[in-house]
Amino acid sequence: MSAPHPTRTPRPGIELPDTTVLRTGTLSWLFPRRGALAAALLVPLLAVLVALSVTASSTGMSLSQTLGGLLGTGDAGTVMVVRDFRLPRVLVGLMVGAALGISGCLTQTLAGNRLATPDLIGVNEGATAAVVAAAAGSATGMVGDWWLGPVGAVAAAALVVLCAGGAGTAGYRVLVVGIGVSTTIGAVSDLLMSRENDNTAGGVFLWAVGSLSGRDWSAGTPLLIALAVLVPLALASGHRLQLLRFDDDMAAALGVELRRVRAAALALAVALAGVAVGVGGPIAFVGLAAPVLAQRMAGPTRVPVVCSALTGAALVVAADALGRVIAPVELPVGVVTSVLGGPFLLWVLFRADRPARKDRS
Amino acid sequence: MTDQPTPTPGLEIRELHAGYPGRPVVRDVSLTVPAGRVAAIVGPNGCGKSTLLRAAARLHTPDSGTVHADGADIWALGRRRAAHRVALLPQSPRAPEAVTVAGLVRYGRHPHQGLLRQWSREDETAVREALDATGTTELAAERLDRLSGGQRQRCWLAMVLAQHTPVVLLDEPTSALDLGHAVEVLTLVREVAAAGRTVVMVLHDLAAAARYADTVVAMKDGRVVAQGAPDEVVDAALVKEVYGLDADILRAPGDGAPVVVPRARAPRPASAPVG
């Protein structure tokens, strides 16, 4: 125990609680131990879920058959089913989940609210409107290309930001405006849908509940490229995002360019949710649940970007697999997450009341 | 307190105007505080003290005028560079949820850190020294929200000190504290200045300003109405001008610092109780 005012002798540095420091030369990195442990546990869990999901089906393919298909040693039919249909679909689900998880994490951090999700800033409604409009406009009435979703999502989010008065605005305002804009865009989608025939409406409906059915590398490759750009940016932004947990004056006094950090995080959140929704449809509750679960695992003091990605991926892969085995007819992944999401939301709401949040000194 | 042969300006504010559209809050304020000195800004609520401090911390864009910290125009610097020179402790800052004391103080190093330089040896040393200087070393592993008000304020000060800036700005650092903890924090402020930093703080308490500051700056309606050594500035006329109060100025028996004792206002004739 040191005296309150010790003499000026050089002393060793301070140990940060629950953090491991990695240093080489002038470079140094911090690793929160609890978050790292959570991630280390989530990775094998995710691997197991992917394996189960590739195996799981209503057609009854055994584990050894699946493995054979994966390695290319099985018969041609099995190899094709596993490599061209099952594996891409599961990996697309994994990427969609990771994107939704990170997007939710960024949105919740921006808004300072655990109930904030990317769909509140118009991402889902915008993507849906674009897909509906394209289906209504096309001769065949088919659901169009994967890129319609992201374009619609980004356009809607841009409209929200414009109405809210700039991307640097405090998160709360963006959310409130987002709810209004979303409702309006949703009404336009409904109007368009009501004028379509049953065939088109059915196709759009399947997309609009969130489904990974039939997703292959044609959707997976662009998604992979988008994530390869966006995920590192999101990870890099985590360092600055920590500071958003202070009030604005304190964060700014600590050298944070608030408008720029907020605008960047919002753009990343919209882009990630946009590509995810474009490929998988608006899969409900993953953007809400993943960061909340990740926060509980990684501990309250960090912005859990990595754990949110892993948790989101695990949720979507698991929900998709569940949807394929639980019922005689395949349930879309969005239906499964919705069914699980309702009780989860209530759990979050009840928990949110409990912890005493009086940090103001 | 400390007499330096050539006082270098720690903070130099020149002809500063700041405010909101249609509502000037700070009008033509010039103020020079040498390195190693403490200045206290006093004045009634809404006189522009906090806005002046925010402009000096590069948080509120001034309409005109300059702010130099340690010789550099902070409005010509980026936000991060400015945070290398000026630190600000707002009046009631909000801490991240569930943060520990060490976790809080380490954020003071944020302007010095980057993606590839997240925790250098200098960061470690700065945090250690800040904890030592504020007597919060033993509290390092505690959660901030479980500490008393006085302890918490010392932790916030530790964070600001860890930022290693030549200029430290404090907005009412004692407002939520009882007398004992207020004196503790103000003593700490003197030690910070003695170590060579420039401290400018907004204070409500004129007596505390007179005792702990080298310079008292009195503001009213956005203007500086008096500035100088407490002995020269703090008198009955100033109290009358700034607060509209009749007061007696006594001298503390210990060190001769001015003590302000407001006189009871003359009761209004209509409701005057018979005495």
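The values are calculated or read from the model by the stated rules, or taken from the named source; none is laboratory data. This is a predicted model, so every value here is computed, not measured. Backbone-built Cβ (ideal geometry, glycine too); neighbour counts: all protein chains shown.
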Return a yes/no flag: does region B:168-180 have any residue that is assigned to a helix (DSSP H, G or I) and within 12 Å of chain A (Cβ to nearest Cβ). no
What pairs can you find where one residue is in region A:81-106 and of a type in the set (Ser, Thr, Tyr), the other is not in a helix (DSSP H, G or I), and their Cβ atoms are less than 9 Å apart, with a gap of 6+ or different chains? A:Ser103/A:Thr117
Single residue of region B:171-219 satisfying the filter (closer than 17 Å to B:Ala229 by Cα and among the charged types (D, E, K, R)) that is modelled with the lowest pLDDT: B:Asp205
Set B:Thr66, B:Thr61, B:Thr125: member being hydroxyl-bearing (Ser, Thr, Tyr), out of contact with any Lys or Arg (no Cβ under 7 Å at 6 or more places or on another chain) and more than 9 Å from every other protein chain (Cβ to nearest Cβ): B:Thr61
Unique residue being within 14 Å of another protein chain (Cβ to nearest Cβ) and over 16 Å from A:Leu49 (Cα atoms) when the list is A:Val339, A:Val305: A:Val305
Long-range neighbours under 8 Å by Cβ, at least six apart or interchain, first residue farther than 22 Å from B:Val183 by Cβ and at the interface with chain A (Cβ under 7 Å from one of its Cβ atoms) within region B:140-154, second part of a loop (DSSP other than H, G, I, E, B) and charged (D, E, K, R): B:Asp145/A:Lys358; B:Asp145/A:Asp359
Just the residues that are at pLDDT 85 or above, farther than 16 Å from B:Ala209 by Cα and charged (D, E, K, R), please, taken from region B:242-275. B:Asp246, B:Asp248, B:Arg263
Which of the numbered conditions does A:Thr221 fail, given that it passes all the others? Conditions: (1) part of a helix (DSSP H, G or I); (2) polar (S, T, N, Q); (3) touching a residue at least 60 places away in the same chain (Cβ under 8 Å). (3)
Please go through region B:96-120 and give me each residue that is among the aliphatic types (A, V, I, L, M) and within 7 Å of chain A (Cβ to nearest Cβ), ordered by number. B:Ala98, B:Val99, B:Ala102, B:Leu115, B:Leu116
Is it true that A:Leu110 is under 11 Å from the mean Cα position of the chain (by Cα), part of a helix (DSSP H, G or I) and farther than 19 Å from A:Gly334 by Cα? no
Within region A:180-196, work out how many residues are assigned to a helix (DSSP H, G or I), surrounded by 14 or more Cβ atoms within 10 Å (Cβ to Cβ) and of a type in the set (Asp, Glu). 0
In the set A:Ala253, A:Ala228, the lone residue that is at pLDDT 90 or above and within 9 Å of chain B (Cβ to nearest Cβ) is A:Ala253
Output the number of residues of region A:70-79 satisfying the condition of being more than 30 Å from the chain's Cα centre (by Cα) and in contact (Cβ under 8 Å) with a residue 12 or more places away in the chain. 1
Cβ-Cβ under 7 Å pairs, at least 6 apart or on other chains, region A:188-216 side under 15 Å from A:Ala134 (Cβ atoms) and without any contact (Cβ under 8 Å) to a residue 24 or more places away in the chain, far side not hydroxyl-bearing (Ser, Thr, Tyr) and not in a loop (DSSP other than H, G, I, E, B): A:Ala201/A:Met193
